[in-house]
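First up is the structure itself, then whatever we jot down about it.
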2 protein chains.
Amino acid sequence: MPKQVDHDRRRAEIAEATWRLIAERGIDGTTMRAISAALGMAHGALKHYFPDKNSIIRTAFTHVFDSTNTRIRERLGDATGLAALRIFCLEAVPVEEVTILEARVVLPFWQRALADAELESVFVDAMSVWREQILRFLRQGRADGSVRTMTDDEVVTEQLLALLNGAQVLGTLTPRAATPKRQHQMIDAFLDGLRR
Amino acid sequence: MPKQVDHDRRRAEIAEATWRLIAERGIDGTTMRAISAALGMAHGALKHYFPDKNSIIRTAFTHVFDSTNTRIRERLGDATGLAALRIFCLEAVPVEEVTILEARVVLPFWQRALADAELESVFVDAMSVWREQILRFLRQGRADGSVRTMTDDEVVTEQLLALLNGAQVLGTLTPRAATPKRQHQMIDAFLDGLRR
């Protein structure tokens, strides 16, 4: 096997083990020791991939963000406009086992990003990708007549992005109130509001 | 001065110094040493108030939440319904110096609350208070005719709460996109939507 392929595969394995550990044990419980034990990998070899704690959370967040986007792409099919927006939203809020686990990585990532410019720029880029995606779906909805709200697309985009990020907090920390059903209703009501 | 008054005053001073340190330096930079230096207080005496790291962030979050609610009460005056809801929202999102600093305490609090049942219950209680408050304003708006949306009040409440929590993330970590102006537009558009 070519060395680069081997390296990339290893990197993917590490990312996969790392995000799950953070989701299950929290960022403080996800030590280098815990990661190397989960992977059956020598601490010294892991150090090559993770020179510091921020590289661990960056890898985990990037993995989670990429996984979410991959699921969105797979489920979109030919959907556009409001239908596409609904698919997008439901992969981004904690309503299923995997999305709940993902939110448990995103919250600690935010905390670290507040204190680290590189992590912050990873999040800025991620949210730019989502803003563009939401805007694209809204423009498709304007074109097909399903989006008729008088609110500017840029403002709707910011509302929806805030709603999705906020749901990650409420869904993980107040799950008795922000149940999956309630989150579905919240998104459906928001998207229905765009029709008027 | 009675001993209890002295004790309460000291506790308030510690909370005030602590939330500002976390807002400015991050939770990891807010060591017991940094707090005792800021207060000119012996480390041993501070240990009485802060037996562990979680007690620091709990004190800071509770202080921030109480301050926000005090400002809301002060600014509400005779406002009810949608007008009250607008005042409430604008104290909860990072659009001014103080609310931006407050959000910088809330994000690390969430991360810690994910891994600690006591902190989680502090947040559950805080969000219950806000859910009740939002519901009360919505009911007033229904009564005075300004709230006419067909969406259930419970769903609107969850949307708004998610929006406010999400704005704390976007306003602090993506401030070039989620400017104060954009956050105002976002809230105004949401509240306007409730009229229809």
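The values are calculated or read from the model by the stated rules, or taken from the named source; none is laboratory data. On a predicted model such as this, the values are computed, not experimentally measured, just so you know. Every residue, glycine as well, gets a Cβ built from its backbone with ideal geometry; the counts of neighbours run over all protein chains shown.
Restricting attention to the range A:163-196, the residues that are over 23 Å from A:A79 (Cα atoms) and of a type in the set (A, V, I, L, M, F, W, C) total 6. Could you check the range B:94-111 and list, in sequence order, the residues that are more than 8 Å from chain A (Cβ to nearest Cβ) and either out of contact with any Phe, Trp or Tyr (no Cβ under 6 Å at 6 or more places or on another chain) or modelled with pLDDT under 95 (or both)? Result: B:P94, B:V95, B:E96, B:E97, B:V98, B:T99, B:I100, B:L101, B:E102, B:A103, B:V106. As for the range A:136-152, it holds no residue that is surrounded by 17 or more Cβ atoms within 10 Å (Cβ to Cβ), at the interface with chain B (Cβ under 9 Å from one of its Cβ atoms), in contact (Cβ under 8 Å) with a residue 60 or more places away in the chain and touching a helix residue (DSSP H, G or I) at 6+ places or on another chain (Cβ under 8 Å). Under the condition of being touching a residue at least 60 places away in the same chain (Cβ under 8 Å) and closer than 23 Å to A:F123 by Cβ, which residue from the range B:180-196 is farthest from the other protein chains (Cβ to nearest Cβ)? By that ranking, first place goes to B:P180.
Within the range B:80-94, does at least one residue satisfy the condition of being part of a helix (DSSP H, G or I) and within 10 Å of the chain's Cα centre (by Cα)? Looking for residues that are part of a helix (DSSP H, G or I) and within 10 Å of the chain's Cα centre (by Cα), one finds at least one in the range B:80-94, hence yes. The residues of the range B:79-123 that are among the polar types (S, T, N, Q) and surrounded by fewer than 22 Cβ atoms within 10 Å (Cβ to Cβ), listed by number, are B:T80, B:S121. Restricting attention to the range A:158-193, the residues that are closer than 15 Å to A:I87 by Cα and among the β-branched types (V, I, T) total 1. Residues in the range A:95-111 that are β-branched (V, I, T) and in a helix (DSSP H, G or I): A:V98, A:T99, A:I100, A:V105, A:V106. From the list A:R112, A:R86, A:R25, A:R73, pick out the single residue that is of a type in the set (D, E, K, R) and more than 30 Å from A:V156 (Cβ to Cβ). Going through A:R112, A:R86, A:R25, A:R73 in turn, just one is of a type in the set (D, E, K, R) and more than 30 Å from A:V156 (Cβ to Cβ): A:R25. What is the one condition in (1) touching a Leu at 6+ places or on another chain (Cβ under 8 Å); (2) of a type outside the set (S, T, Y); (3) in a helix (DSSP H, G or I) that A:G29 does not satisfy? Condition not satisfied by A:G29: (3). Among residues of the range A:159-179 being of a type in the set (S, T, N, Q) and either surrounded by fewer than 24 Cβ atoms within 10 Å (Cβ to Cβ) or farther than 17 Å from B:G171 by Cβ (or both), the one that is farthest from the other protein chains (Cβ to nearest Cβ) is A:T179. Of everything listed in (1) closer than 23 Å to A:L161 by Cα; (2) more than 10 Å from chain A (Cβ to nearest Cβ); (3) free of Cβ contacts under 8 Å to residues at least 60 places away in the same chain, the single unmet condition for B:V156 is (2). State all residues of the range B:124-135 that are exposed (fewer than 14 other Cβ atoms within 10 Å of the Cβ) and not charged (D, E, K, R); if no residue qualifies, say none. Hits for the range B:124-135 are B:S128, B:V129. Among the residues of the range A:1-26, those that are closer than 18 Å to A:V106 by Cα and either touching a residue at least 40 places away in the same chain (Cβ under 8 Å) or outside any helix (DSSP H, G or I) (or both) comprise A:I14, A:A15, A:E16, A:T18, A:W19, A:R20, A:I22, A:A23, A:E24, A:G26.
With respect to the conditions (1) among the small types (G, A, S); (2) within 21 Å of A:P180 (Cβ to Cβ); (3) not in a helix (DSSP H, G or I), B:S128 lacks only one, and its number is (3).
Among the residues making up the range B:1-56, those that are surrounded by 14 or more Cβ atoms within 10 Å (Cβ to Cβ) and in contact with a Phe, Trp or Tyr (Cβ under 7 Å, 6 or more places away or on another chain) are B:I14, B:M32, B:I56.
For A:A79, the requirement of being within 10 Å of chain B (Cβ to nearest Cβ), out of contact with any Lys or Arg (no Cβ under 7 Å at 6 or more places or on another chain) and free of Cβ contacts under 8 Å to residues at least 12 places away in the same chain is not met. Once the range A:139-191 is narrowed to residues that are of a type in the set (A, V, I, L, M, F, W, C) and in a loop (DSSP other than H, G, I, E, B), the residue that is farthest from the chain's Cα centre (by Cα) is A:M150.
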